[in-house]
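S.K.: Okay, here's the structure, questions in a sec.
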Amino acid sequence: MSYQEKRNLVNLISAVLITTVYSVLMSQRYPQSDPYSREVFQFWGAFFLILIPVSIIARIVIYIIFHILNYIATREEDAPITDERDDLIELRAGRFSRYVFWIGVMLAMGSLVMELSPATMFIILICTGVVSEIVSEVSQIYFYRRGF
Amino acid sequence: MAKLLISNNIRRLRFNHGEITQQQLADRVEVSRQTIIAIEKGNYAPSLELAFRLALVFEVSLEAVFFVEKSTP
């Protein structure tokens, strides 16, 4: 398995892990009040705002650990350079990821039209974020394996 | 439009140039070894710039490195 594939696999696992752990921890703080109350919307606002720095920090830590483990396993100090093929693969995977994300956004908006609770809409948005990232990373692994 | 199947002589050219490794060639043209492997296997068609860089390393014309094997309808 190449360095790029390993990196994509780590990104995939960390995306799922970080969001799952964070969601489980935050769900314990979910306000037990009217689903349309100010507290509920404040909760979701804080959920997304805190997720961003938490995700960035966790990813940096995971990436450092991955780099150390990869060095121990392969004795390669530096990560391979990123070249035109990497950029093309990332662009194509990003396109698939965006399609999935927009489908998710449409579903989230559809949930509001169907008069489901705002919590459902926010949960769909969170799942969409994770699924689009999974699609991006899996697509990249696929392109690295199949060729591009 | 018919799709061109582009093949290459990189493996043979590496052999003729003192059996330079894929890693050495990758370093010379500033790409990763994975990219050289993908080009050699015909899994990746490089940009024109990279194709010229490869030709310059081997000191041959572009046609001596890459050629059209066949076109598929």
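Values in this text are rule-based calculations from the coordinates and carry no lab data. None of these values were measured; they are calculated from a predicted model. Here the Cβ positions follow ideal geometry from the backbone for every residue, glycine too, while neighbour counts run over all protein chains shown.
S.K.: As a footprinting exposure proxy, order A:6, B:3, B:41 by other Cβ within 10 Å, with the fewest listed first. Could you put the intermediate results ahead of the total?
M.R.: On the way: A:6 16, B:3 9, B:41 12.
Fewest to most other Cβ atoms nearby, the residues stand as B:3, B:41, A:6.
S.K.: How many nm is it between the label spots at residue B:68 and residue B:11, if each spot is 7 Å from the Cα in line with the beta carbon?
M.R.: Label at residue B:68, label at residue B:11, 2.4 nm between them.
S.K.: While we're on this one: Multiply the residue separation of residue A:112 and residue A:146 by 0.36 nm, subtract the distance between their alpha-carbon atoms, and state the gained length in nm to one decimal.
M.R.: Values: separation 34, 0.36 × 34 = 12.24 nm, distance 4.02 nm.
Gain on stretching residue A:112 to residue A:146: 8.2 nm.
S.K.: What order do you get for A:105, B:65, A:100 when you list them from fewest to most C-beta neighbours inside 10 Å?
M.R.: Numbers: A:105 15, B:65 21, A:100 18.
The order, fewest Cβ neighbours first, is A:105, A:100, B:65.
S.K.: If you rank A:78, B:27 by fewest surrounding Cβ atoms within 10 Å, what's the result?
M.R.: Details: A:78 8, B:27 15.
In increasing order of surrounding Cβ atoms, one gets A:78, B:27.
S.K.: While we're on this one: Could you calculate the FRET efficiency of residue A:119 with residue A:87 from 1/(1 + (r/R0)^6), where r is the beta carbon distance between them and R0 is 35 Å, rounded to 0.05?
M.R.: Numbers: r = 39 Å, r/R0 = 1.11.
Working from the Cβ atoms, E equals 0.35.
S.K.: Now a separate question. Please give the length that would be gained between residue A:63 and residue A:42 if that part of the chain were fully extended, namely 0.36 nm times their separation in residues minus their C-alpha to C-alpha distance (nm, one decimal). Mind showing how you got there, number by number?
M.R.: Working: separation 21, 0.36 × 21 = 7.56 nm, distance 3.15 nm.
So the chain would gain 4.4 nm between residue A:63 and residue A:42.
S.K.: What is the range A:3-146's relative contact order, in percent, from Cα pairs under 8 angstrom and six or more apart in sequence?
M.R.: Values: 98 pairs, mean separation 55.7, N = 144.
For the range A:3-146, the relative contact order is 39 percent.
S.K.: Separate question: Return the single residue from A:76, A:84, A:115 with maximal mean-square fluctuation; model: Gaussian network over chain A, springs between Cα atoms under 10 Å.
M.R.: For chain A, modelled as a Gaussian network with Cα springs under 10 Å, the answer is A:84.
S.K.: Rounded to the nearest 500, what is the 222 nm mean residue ellipticity of chain B from helices alone, with -39500 (n - 2.57) per DSSP H run of 4+ residues and division by all residues?
M.R.: That comes out to -14000 deg cm²/dmol.
S.K.: Where nothing but the Cβ of Lys and Arg (+1) and of Asp and Glu (-1) is charged, how large is the charge dipole of the protein assembly as shown around its Cα centre, in debye to the nearest 20? Don't jump to the answer; show the numbers that get you there.
M.R.: Values: 21 positive and 22 negative charges, 90 e Å.
In debye, rounded to 20, the protein assembly as shown gives about 440.
S.K.: Step by step: find N for the range A:3-146, compute 2.2 N^0.38 Å, then divide the Cα radius of gyration by it. What's the final number? Each step should come with its number before you reach the end.
M.R.: On the way: Rg = 18.0 Å, N = 144, 2.2 N^0.38 = 14.5 Å.
Its radius of gyration relative to the 2.2 N^0.38 Å reference: 1.24.
S.K.: Counting each DSSP H run of 4 or more residues in chain A as -39500 (n - 2.57), what helix-only mean residue ellipticity at 222 nm follows after dividing by all residues, to the nearest 500 deg cm²/dmol?
M.R.: Details: 4 runs with 121 residues, N = 148.
When only DSSP H runs of four or more count, the value is -29500 deg cm²/dmol.
S.K.: Rounded to the nearest 10 degrees, what's the angle between the helix B:48-58 long axis and the longest principal axis of chain B, both from Cα atoms, 0 to 90?
M.R.: 50 degrees
S.K.: Starting from the Cα-Cα distance between residue A:72 and residue A:56, subtract it from 0.36 nm times their residue separation and give me the gain in nm to one decimal.
M.R.: Extending this stretch completely gives an extra 3.3 nm.
S.K.: R0 = 45 Å: FRET efficiency of residue B:37 with residue A:34, Cβ-based, nearest 0.05?
M.R.: Values: r = 59 Å, r/R0 = 1.32.
So the FRET efficiency works out to roughly 0.15.
S.K.: Using label points projected 7 Å from each Cα along Cα→Cβ, tell me how many nm separate residue A:1 and residue A:138, to one decimal.
M.R.: Inter-label distance under the simple model: 1.6 nm.
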